[in-house]
Amino acid sequence: MTKTSAIEITFQEGSIVNYYKALNKKFGGEYTSDSCIINSGPIQTNLFRYDLPGEIEMNVCETVSSKPLIIKRTPDNDADLIHINLILHGKYTQAYNDQLMHVEAGSTKGIFLYDGMFPINAEFQANTVIKWVGFKLKMSGLTELMEEAKPVLENLFGGKTAIAYHAILKSELETIINDIFSYKQLAFGSAPMIISKGLELFVNLINTIRLLVNDNSLSGLHPEDLKRLYALKERLTSNLEEKFTIESLAEDFGVSSSKLKRDFKQLYDTSIYHFHTLAKMDEAFRRLKTGEYSVSEVGYDMGYQNLSKFSEMFKKIKGISPKEVIKLQEVV
């Protein structure tokens with residue numbers, strides 16, 4: 001997605017009403033404190049807000065844009081306010097310091113939890129329908145609704161520092177979200193039915209998070225961790241011929257090798273070595289397609305001293321040998 005072709009909207013993180021005002025200012029349509037509906041222009045969106053006990057805002061959202069859309073959210077600097085998005089359908093990217101992380105239904109990042117202590121840009125591809133349910137809540141207000149939920153979130157966000165987590169959206173949560181979207185079509189009793197399902201969703205969500213924390217399988221990264229990983233990614237993609245060890249990289253970036261491996265896997269869903277190998281093969285494929293490089297030139301440039309190993313790895317990943325790529329270009 002190119003920044004020049006995209007529509008940009010900026011607002012401060014916080015209540016969902018901030019979203020409504022920014023969208024209405026940019027695209028028109030109709031909005032109240034409880035909904036925002038836009039049915040003309042480049043964006044089609046239906047956003048609905050429901051108040052749950054404990055001063056929890058639940059947002060039921062469906063949107064599609066005919067043009068790429070970038071939503072820039074500035075920090076609200078409220079460490080007590082927690083934001084949780086559950087992606088039912090579609091995908092988008094979250095950008096931090098101009099680096100992208102995919103958030104996608106059915107992936108390990110179907111649930112995204114964060115505080116409003118750092119800026120986030122959400123980038124939506126054109127003509128991609130996004131359906132999600134979100135919660136905005138104050139940790140201090142949870143006592144009224146579900147006192148046992150408070151220590152779960154305080155354990156994650158109680159440090160008062162900027163942090164975000166992601167996890168897979170499990171099937172039982174998807175089922176409840178589907179019910180919520182189906183209840184939106186009811187002509188009678190829609191709101192109370194949605195609120196009832198919203199409470200069920202919230203309780204099950206907190207329990208899911210609790211179990212993930214207990215299993216030490218909830219993926220969470222501080223902005224400082226993200227900066228380190230983005231710098232590591234830049235190094236890997238800019239130095240394809242480099243020979244390295246995890247230990248040497250960890251020393252260079254000032255963390256333990258176990259933390260570096262764990263954090264990289266959490267963010268990119270692959271190992272450091274595999275990521276570097278994929279980057280090499282992508283670049284090798286690009287060069288071979290030009291017809292301007294020989295197999296040996298590309299293999300050596302990618303750091304391989306043994307060309308047979310380069311060809312073997314290339315075919316394993318790309319499904320075609322380096323020589324076959326060159327031959328295809330000669331035929332064309």
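Before moving on, here are some points about what is shown:
- One residue alone among 39, 24, 18, 59 is free of Cβ contacts under 8 Å to residues at least 60 places away in the same chain, under 23 Å from residue 163 (Cβ atoms) and not β-branched (Val, Ile, Thr), and that residue is 18.
- Qualifying residue in region 269-285 (condition: in contact with a Gly (Cβ under 6 Å, 6 or more places away or on another chain) and either under 27 Å from residue 113 (Cβ atoms) or touching a residue at least 24 places away in the same chain (Cβ under 8 Å) (or both)): no
- Identity of the residue in region 174-204, within 18 Å of residue 113 (Cβ to Cβ) and either at pLDDT below 95 or among the β-branched types (Val, Ile, Thr) (or both), that ends up surrounded by the most Cβ atoms within 10 Å (Cβ to Cβ): 177
- Any hit, region 150-158, residues being in contact with a Leu (Cβ under 8 Å, 6 or more places away or on another chain) and more than 20 Å from residue 77 (Cβ to Cβ): yes
- Filtered by the rule that a residue be at pLDDT 80 or above and over 12 Å from the mean Cα position of the chain (by Cα), region 93-117 gives 115, 116, 117.
- Residues of region 179-200 that are touching a strand residue (DSSP E or B) at 6+ places or on another chain (Cβ under 7 Å), closer than 18 Å to residue 89 by Cα and not basic (Lys, Arg): 180, 181, 198.
- When the criteria are applied in full, residue 165 fails the requirement of being in contact with a Gly (Cβ under 9 Å, 6 or more places away or on another chain), at pLDDT 90 or above and under 24 Å from residue 59 (Cβ atoms).
- Scanning region 118-133 for residues that are closer than 22 Å to residue 266 by Cβ and at pLDDT 85 or above yields a single hit, 132.
- Among the residues making up region 163-177, those that are in contact with a helix residue (DSSP H, G or I) (Cβ under 7 Å, 6 or more places away or on another chain) and either outside any helix (DSSP H, G or I) or among the aliphatic types (A, V, I, L, M) (or both) are 163, 165, 167, 170, 173, 176, 177.
- Beta carbons closer than 7 Å, at least 6 apart along the sequence or on distinct chains, pair a first residue in region 236-248 that is more than 9 Å from residue 273 (Cα to Cα) with a second that is surrounded by 14 or more Cβ atoms within 10 Å (Cβ to Cβ) and among the hydroxyl-bearing types (Ser, Thr, Tyr) for 247/257.
- Some residue of region 143-162 being in a strand (DSSP E or B), over 22 Å from residue 62 (Cβ atoms) and touching a strand residue (DSSP E or B) at 6+ places or on another chain (Cβ under 8 Å): no
- Members of region 118-150 found to be within 15 Å of the chain's Cα centre (by Cα) and aliphatic (A, V, I, L, M), listed by number: 120, 122, 130, 133
- Selection count, region 43-56, where residues are among the hydroxyl-bearing types (Ser, Thr, Tyr) and either free of Cβ contacts under 8 Å to residues at least 12 places away in the same chain or farther than 14 Å from residue 199 by Cβ (or both): 1
- Inter-residue pairs, beta-carbon under 9 Å, first basic (Lys, Arg) and in region 156-179, second in a helix (DSSP H, G or I) and surrounded by fewer than 18 Cβ atoms within 10 Å (Cβ to Cβ), 6+ apart: 170/204
- Only listed residue being under 30 Å from residue 152 (Cα atoms) and at pLDDT 90 or above, chosen from 217, 248, 296, 256: 256
- Checking each residue in region 157-173 for being surrounded by fewer than 19 Cβ atoms within 10 Å (Cβ to Cβ) and either charged (D, E, K, R) or out of contact with any Ser or Thr (no Cβ under 7 Å at 6 or more places or on another chain) (or both) picks out 158, 159, 160, 161, 170, 171, 172.
- Any chance residue 298 is assigned to a helix (DSSP H, G or I), more than 30 Å from residue 112 (Cβ to Cβ), touching a residue at least 40 places away in the same chain (Cβ under 8 Å) and not assigned by TED's automatic domain parsing to the domain that holds residue 161: no
The values are calculated or read from the model by the stated rules, or taken from the named source; none is laboratory data. Here the structure is a predicted model, which means the values were calculated and not measured. Cβ sites come from the backbone with ideal geometry, for glycine too, and all protein chains shown count toward neighbours.
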